[in-house]
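Written below as structure tokens is the structure these notes are about.
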Amino acid sequence: DPTPEITWGEVEFAIKQMKTGKCPEADNVRPEHLKAGGLPLFKALAVRFSRYLREKETPAAWKKSRTILLMKKGDPENLSNYRPITLLSQIYKTFSPVVLNRITKDLNMFMSREQTGFRRGYSTVDHTHAVRQLVEKCNEFQIPLCLAFVDYKKAFDSVERNAVLNAVDKCGVNPNYVDLLMEM
């Protein structure tokens with residue numbers, strides 16, 4: 001099953017979502033440049049991005065980044081008071097959401113409607129309301145209830161990349177996207 005070509009509309013959507021005033025990386029491209037490029041640039045990037053997807057290979061420069069530390073608050077001697085910011089190519093930051101949007105469409109078909117975290121159009125407020133109702137009903141009917149809330153600190157940092165890629169693959173995401181993610 002061939003992977004559909006990336007459209008200029010997908011590129012335009014990704015570029016329009018970019019925040020302006022960001023620091024450029026080594027390529028000196030800013031979001032303002034991409035937005036000003038208009039339709040000719042959107043079309044050219046769509047052709048190039050489609051090639052990356054077809055060949056499952058992205059530019060080597062995209063694998064390089066520069067990380068800076070921004071002070072949050074507190075003692076400057078304490079490293080936990082800093083937040084790392086990774087500076088990446090703006091072209092890469094255009095390509096990534098295009099691929100992510102396609103993967104998300106595949107994953108949304110697999111996920112249950114109860115999964116509300118980190119999904120567009122869903123809210124964890126619904127779960128908060130459901131828990132509140134559950135507590136009220138258990139109190140009303142004098143039914144014992146135990147609830148546990150787990151908040152994993154730096155949970156994203158602790159997940160193995162291969163485990164995520166295997167899970168995405170098992171969810172039926174187009175193998176070309178999985179291969180491309182592994183290459184990125």
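Only one entry in Val164, Val131, Val159 is among the hydrophobic types (A, V, I, L, M, F, W, C), free of Cβ contacts under 8 Å to residues at least 12 places away in the same chain and over 18 Å from Val99 (Cα atoms), namely Val159. Using the structure shown, decide if Ser50 is within 21 Å of the chain's Cα centre (by Cα), closer than 23 Å to Phe13 by Cα and of a type in the set (S, T, N, Q). Judged against the criteria, Ser50 is a match. Against the numbered list (1) among the aromatic types (Phe, Trp, Tyr); (2) in contact with a strand residue (DSSP E or B) (Cβ under 8 Å, 6 or more places away or on another chain); (3) loosely packed, with under 10 Cβ neighbours inside 10 Å, Tyr82 comes up short only at (3). Counting residues in the range 154-164 that are charged (D, E, K, R), surrounded by 15 or more Cβ atoms within 10 Å (Cβ to Cβ) and either under 26 Å from Glu5 (Cα atoms) or out of contact with any Ser or Thr (no Cβ under 7 Å at 6 or more places or on another chain) (or both) gives zero. Scanning the range 60-92 for residues that are within 22 Å of Cys23 (Cα to Cα), of a type in the set (S, T, N, Q) and part of a loop (DSSP other than H, G, I, E, B) yields Ser65, Ser89, Gln90.
In the range 108-153, the qualifying residues are those that are modelled with pLDDT of 80 or more and acidic (Asp, Glu), and the one that is surrounded by the fewest Cβ atoms within 10 Å (Cβ to Cβ) is Glu140.
Specify the residue that is farthest from Glu55 (Cα to Cα); the eligible residues are those in the range 133-168 that are assigned to a helix (DSSP H, G or I) and of a type in the set (Asp, Glu). Out of the qualifying residues, it is Glu140.
Screening Phe95 against (1) surrounded by 10 or more Cβ atoms within 10 Å (Cβ to Cβ); (2) outside any helix (DSSP H, G or I); (3) of a type in the set (Phe, Trp, Tyr) leaves a single unmet condition, (2). Each residue in the range 1-59 was checked for being basic (Lys, Arg) and assigned to a helix (DSSP H, G or I), and 6 pass. Taking first residues from the range 93-113 that are within 30 Å of Pro24 (Cβ to Cβ) and free of Cβ contacts under 8 Å to residues at least 40 places away in the same chain and partners that are of a type in the set (Val, Ile, Thr) and surrounded by 17 or more Cβ atoms within 10 Å (Cβ to Cβ), no Cβ contact under 6 Å between residues at least 6 apart in sequence or on separate chains turns up. Of all residue pairs spaced 6 or more apart or on separate chains, those with beta-carbon atoms under 6 Å, a first member in the range 169-184 that is part of a loop (DSSP other than H, G, I, E, B) and a second member that is hydrophobic (A, V, I, L, M, F, W, C) are Cys171/Leu107; Cys171/Phe110; Val173/Ile103.
The values are calculated or read from the model by the stated rules, or taken from the named source; none is laboratory data. Everything quoted here is computed from the prediction, not taken from an experiment. Note: ideal-geometry Cβ built from the backbone for every residue, glycine included; neighbour counts use all protein chains shown.
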